[in-house]
Amino acid sequence: MDGDIEIKEIYENGMKILEHLTNNAHELQEQMLEEILKRNAGTEYLSRFFSSDQADKQSFKTNVPIVTYEDIKPYIDRIANGETSSILFADPITQFIRSAGTSGGQQKLIPITTESFEKGKYVVFWLTLWITVFFLSLGRCFSDLHEGKSFYLYFSKPDMKTPSGLVASPYSTFYSKTNTFKNSLAEFCISPIETILCLDHKKSMFCQLLTGLLQRDEVVRLGTIFASVLERTIKFLEDYWRELCCNIRTGYLSDWIIDPGCKNAMSFILTGPNPELADLIQQICEDKSWEGVFKKLWPKIKYISSICTGSMSQYIPLLELYGGGIPLVSPSYVSSEACFGINLKPLSNPFDVSYTFLPNTAYFEFLPVNKDGGGKAQETRTIDKPVDLENVKLGQYYEVVVTTLAGLYRYRVGDVLKATGFYNKSPQFQFVERKNVVLSIGADKTTEEDLSKAITNAKLILEPFGIMSTAYSSYSDTSSTPGRYVLFWELKMKGSNDLPKLDARVMEQCCCIVEESFDFTYKSFRKDGAISALELRVVKHGSFDELMDFYTSKGASISQYKPPCFLKSEEAIKILNSGTVGKFFSPKTMS
Ligand code: AMP
């Protein structure tokens, strides 16, 4: 068995394959790098650093620089504008994957090749592997999982074309259009492909939810790629359950679903009136508290599958509330550039998830990152040389660097990870944060992880009042001197969507807790008056949905949407400002 594995094999031998991959992690990584170099050494890009006859691992490591997207963008732009793709890799590329760009700040074009597409070695193939292996590992915990189906919500974005005519689509859209996905869909999922490929999110969401409710007895797992989308689905259900019930009661699809694909697909699912089911769903949704609503709507559901690590962890309390005790599983760690790892302990606490890297998806290197302050994130600096997968040290932070089969060489993905263990010989990592995404007024640097910890601490103050946080974001306000951190916070009552009554003293206490949780540098600047008091803006229910709409209107895929922890776009800040219902400050001076 080598790095290439047939999909059929995966279905049949998932665990055996996992053992093979993780036991031979080092050898498979070497093999992968060799193959990439053998094939692509003659490209314009690589031949700048060594000649074809020197294309070995040592020359690669010594001569090829570690780069960011900005460094290789000129090469990608040339290909997008019609120059030969042999600038970056030997095979002609067939299209680009378009990253969401909501967490890192910019949409990127990532190339894929005909070969990687056909062999399915890139996104399709490995996503399938992960999902399958993931099912198998779950199978150890739930014996009857194979009997039901998945209610996974997927969404598509229109393809864009580069000036040279190459298609650029988000990986979720690209994946949804492949035969592999279409073929496995009927087996695993209840949503018809037409509802997934519908480009109008509202119509797509309505039809997928209607399908989910009509086939509620078949559903054993509910999921989206990222937790932010599941949160959006809940909000949509809150707004549309009456209309969904009306469709179920009468057997007629709402008039505004005009998409021919959706109409046709739904005609096979919504086949006649079902007043009993409509009454039941109405009764569940009329309950003021939606605690445990998933279990009530889908009585056979065993778990929720949605990435809820990193910036997605802000949705964990909400999903746990709606799940009413159903396990929340963060299945995998993936990106447009490469697929990294899978969660082999699906039942672990969502805040403690580690991903086991798969050595045949890309060649991985790890740049040690110094997080000063004994694990407390004060400053994130990249240090030293990168290490191979086998030389990863437990407890160390790293930035992940990939070399792919489709033309990325020593490319910094921009994610910071913490090594937490090994599964056989494959390292396992916790996702920590996006690198270089920070709140900062001067020399202070507050990272995604710092902010998340600070919010977690502040939430504890609100819990006794039955108030929960549904989303947050922030920006560095330097419009006046000294500048300040501004925090946007969407809050609701635990049992309803009502806006909580906010006690100014309690909210001020939250501001203080947030500031207290920040690092030494922030606190000393704040005490010296170089940073003004933190401002907390509470926004009304639905404000973060508007933010998502804004980013998806700019081209981000809803399936891959990651709410930005730090806002840079003036328009995005304006959206949250217009939803602001209360402003609170920490005291002028910090003691
Ligand atoms: P994109 O390619 O636009 O879909 O974004 C990929 C990025 O999403 C990664 O580089 C990570 O920053 C983030 N991401 C993907 N999977 C996870 C995960 N399991 N936990 C936290 N963040 C993730």
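Laid out as a table, the results:
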item: Residue list for the stretch 227-273, restricted to those being closer than 30 Å to Pro327 by Cβ and either polar (S, T, N, Q) or without any contact (Cβ under 8 Å) to a residue 12 or more places away in the chain (or both); result: Ser228, Thr233, Asp239
item: Lone qualifier among Phe351, Phe340 - being within 20 Å of Val416 (Cα to Cα) and more than 10 Å from the ligand (Cβ to nearest atom); result: Phe351
item: Unique residue being free of Cβ contacts under 8 Å to residues at least 60 places away in the same chain, of a type in the set (Ser, Thr, Tyr), assigned to a loop (DSSP other than H, G, I, E, B) and out of contact with any Lys or Arg (no Cβ under 8 Å at 6 or more places or on another chain) when the list is Ser164, Ser204, Ser184, Ser191; result: Ser191
item: Qualifying position, being buried (at least 16 other Cβ atoms within 10 Å of the Cβ), modelled with pLDDT under 95, among the β-branched types (Val, Ile, Thr) and under 16 Å from Ser476 (Cα atoms), among Ile531, Ile558; result: Ile531
item: Filter pass, Thr211 being farther than 19 Å from Phe268 by Cβ and more than 16 Å from the ligand (Cβ to nearest atom); result: no
item: Those residues of the stretch 317-376 which are in contact with a helix residue (DSSP H, G or I) (Cβ under 8 Å, 6 or more places away or on another chain), farther than 23 Å from Gln560 by Cβ, modelled with pLDDT of 90 or more and hydrophobic (A, V, I, L, M, F, W, C), in sequence order; result: Ile326, Phe366
item: Hey, Ser184 closer than 26 Å to Glu218 by Cα and within 16 Å of the ligand (Cβ to nearest atom) or not; result: no
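Per-residue answers, yes or no, for (1) under 30 Å from the mean Cα position of the chain (by Cα); (2) hydroxyl-bearing (Ser, Thr, Tyr); (3) away from the ligand (no atom under 16 Å from the Cβ):
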position	(1), (2), (3)
Gln509	no, no, yes
Val514	yes, no, yes
Val538	yes, no, yes
Gln560	yes, no, no
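The values are calculated or read from the model by the stated rules, or taken from the named source; none is laboratory data. Because the structure is predicted, anything quoted here is derived from the model rather than measured. Please note: Cβ atoms are built from the backbone with ideal geometry, for glycine as well, and neighbour counts cover all protein chains shown.
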